[in-house]
Amino acid sequence: MRNSFFTRNPTLKNFEPRIGFAWDPFHNGKTAIRGGIGLFDELPGAYITALYNATTAPFLGTYGTVGPPGSASPLQGTFPYGIPAQLPAVKPTNVVWAYTDANIRRNYITQWNFSVQRQLAANTTFTAAYAGAHGVHNPFLTEGGNSVQPVDVGNPIPGVGYYWPLQWSNSLSSAQQQAALYNPFIQICRCTFWEGSSSYNSLQLKFDQRLYHGLQVGASFTWSKSIDDSSGSAAADTFFNEWNALPTYDMRLVRGLSSYDIPRNLVINGLYTAPTLKSLGTIGERVLGGWQLGIIATVQDGYPLMPSMGMETPDMLGEIIQTLNPPNVVPGCTIVNPGNIAHYLNGACFSMVPQTPTNTPYCDTVRAASMGFPGFCPNIRGNLARNTILGPGLADMDFSMVKNNYIRRISESFNVQFRVELFNALNRANFAQPTLNANTGGGAMEAIFNSGTPNSQFGQIVATQTPNRQIQLALKLVW
């Protein structure tokens, strides 16, 4: 008899060694060299499996309705015990299921860092650091675990890649489509596997000037790269730019930039307290004194983008339950149109896989011709790698101006403070990414429809990351 769902508990004998050091090489307290490395376990908390396991049959599903408008009202006395007998029978192929790999593997992350900090002046320091991490056996969540598999899983044909049988799903009956699924006894399966991996490497620079002559300044710059197989751990589409159905048949196809990766990020903040010109008497103290100016400026790269093609129903490849189907990249084409909100991504840079002498034996030329696109192979997966395109970046500056008016007659600390705060002070339009709708094909991130027709709204931007300039005025009493 078992008292646990998992076949074993990999956390009972976790060994997590960690070591660090700090060194003052010149013995003057002005230079510090630090470093460390450690092993950290990511325990398989309930948050990883709760969503999928709670939104699956039999706990969730449409099992039929009784009463108007579809049928007559139940007879008196049949509610509630007689209602189940009146519901139509629901097969396992009509509801969504969940699968969690019971053979859980130890999920751990190795983290390391090395930094050099130098005191440049009495109140000024500069730090340069390298930080990295590597995770193994991360949870990999996908809603495409029951899709029709390509031919020769694990062994893509050189020069061709993965392709699906020439008998397309649209030409099959419903029963034949169901029989072609990886598990023909169920339908959509939200799956969790312990096979993901991740890596992170970064250069981190920091400048810090503490208060000196009324001025304090801080600046930090990070140049990093985060890579993984899937960025979500509570749901497959945890992030706004993440697909909910990544393919499982070859993890090499989904390894790429993390959905939250920002390659470069610069933040500068400053606060200046103007001196009180007491030599000018009342005017110097009451009018020219008590001013504070503040600024926060942020400049960063955009988040990754992942276009798709042919993911409506029926899908282009023939998976029946669609997974991420990337288009083919046209060589030498400029993909990104900066500042073009109608087509931030150039749709002409993406196509179905072109027919070549190498892939002709595997190419569905008949269907391509019937679609009106001869010379292409709609049943072969494209070569665009996951998250290789960056979306619009961000440049934002917030500014504040504060006037302190101390009223000594009331008390030494009584202050009538007037504040002016400007958010997005330069009123810059920081465009958001094109909208990804993973549940309806892909929205503005679907380059080509399943018919082979280009999407006229592909790469369209409809929102901004930050609002327009906002000015706030406030009066604050402090005592």
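The values are calculated or read from the model by the stated rules, or taken from the named source; none is laboratory data. Everything numeric in this text was worked out from a predicted model, so none of it was measured. Backbone-built Cβ (ideal geometry, glycine too); neighbour counts: all protein chains shown. Remember, those area values only see protein heavy atoms, side chains included, never the ligands or the DNA or RNA. Shrake-Rupley method; radii C 1.70, N 1.55, O 1.52, S 1.80 Å.
Straight-line cross-link partners of K206 among the lysines, defined as a Cα under 25 Å from its Cα and at least 8 positions apart when in the same chain: K30, K225. With the convex hull of the Cα atoms taken as the outline of the chain, the averaged projected area works out to 37.4 nm². In this structure, the amide hydrogen of V95, modeled 1.01 Å from its nitrogen in the peptide plane, lies closer than 5 angstrom to those of Q187, counting only residues at least 5 positions away or on a different chain. Does the range 326-373 come out rounded, prolate or oblate by the C-alpha gyration tensor, with a ≥ b ≥ c the root eigenvalues, rounded set by a/c under 1.5 and, if not, prolate when a/b is larger than b/c and oblate if not? Prolate shape, in that a/c is at least 1.5 and a/b is the bigger ratio. Ordered by 1.4 Å accessible area with all protein chains kept, Y182, Y163 run largest first as Y182, Y163. Amide H contacts for F431 (H built 1.01 Å from N in the peptide plane; partners 5 or more residues away or on another chain; cut-off under 5 Å): Q465. Farthest towards the positive end of the charge dipole of the range 217-266, among the residues W223, A234, Y249, is the Cα of W223, using unit charges on the Cβ of Lys, Arg, Asp and Glu. Checking Cβ-Cβ separations below 4.7 Å across the chain identifies C189, C191 as cysteines lacking any candidate disulfide partner.
Under a point-charge model restricted to the Cβ atoms of Lys and Arg (+1) and Asp and Glu (-1), what is the dipole moment magnitude of the range 1-121 relative to its Cα centre, in debye to the nearest 20? Kindly include the intermediate steps, with their values, before the conclusion.
Values: 10 positive and 5 negative charges, 66 e Å.
Taking the Cα centre of the range 1-121 as origin, the dipole is about 320 debye.
Straight-line cross-link reach from K403 at under 29 Å between alpha-carbon atoms covers these lysines, not counting any fewer than eight positions away in the same chain: K278, K476.
Evaluated with a Cβ-only charge set (Lys, Arg +1; Asp, Glu -1), the chain carries a dipole of roughly 1560 debye about its Cα centre, given to the nearest 20.
For the range 60-143, the Cα-based Rg and Dmax, in that order, read 30.1, 88 Å. Dividing the summed -39500 (n - 2.57) terms of all DSSP H runs of n ≥ 4 by the residue count of the chain sets its mean residue ellipticity at 222 nm at -1500 deg cm²/dmol.
When the Cα positions of G214, L51, I389 are compared along the charge dipole of the chain, G214 comes out farthest toward the positive end, with charges on each C-beta of Lys, Arg, Asp and Glu.
A dipole drawn for the chain from +1 and -1 charges on Cβ atoms has a positive end, and of G302, W194, G67 the residue lying farthest that way is G302. For L390, the residues whose modelled amide H falls within less than 5 Å of its own, excluding neighbours fewer than 5 places apart on the same chain, are L305.
Note that the chain presents 54 Å² accessible area per residue, ligands and nucleic acids not counted, probe 1.4 Å. Along the range 362-374 the Karplus relation, 6.51 cos²θ - 1.76 cosθ + 1.60 evaluated at θ = phi - 60°, assigns HN-Hα couplings of 10, 8, 7, 5, 5, 5, 4, 5, 5, 7, x, 10, x Hz to successive residues, with x for each Gly and Pro.
What part of the accessible area of the range 324-477, given as a whole %, is carbon or sulfur when the probe is 1.4 angstrom?
Numbers: 4430 of 7610 Å².
About 58 percent, which is the carbon plus sulfur part of the accessible surface.
Shape analysis of the range 99-156 places it in the prolate category; the axes a ≥ b ≥ c from the Cα gyration tensor give an a/c of at least 1.5, with a/b above b/c.
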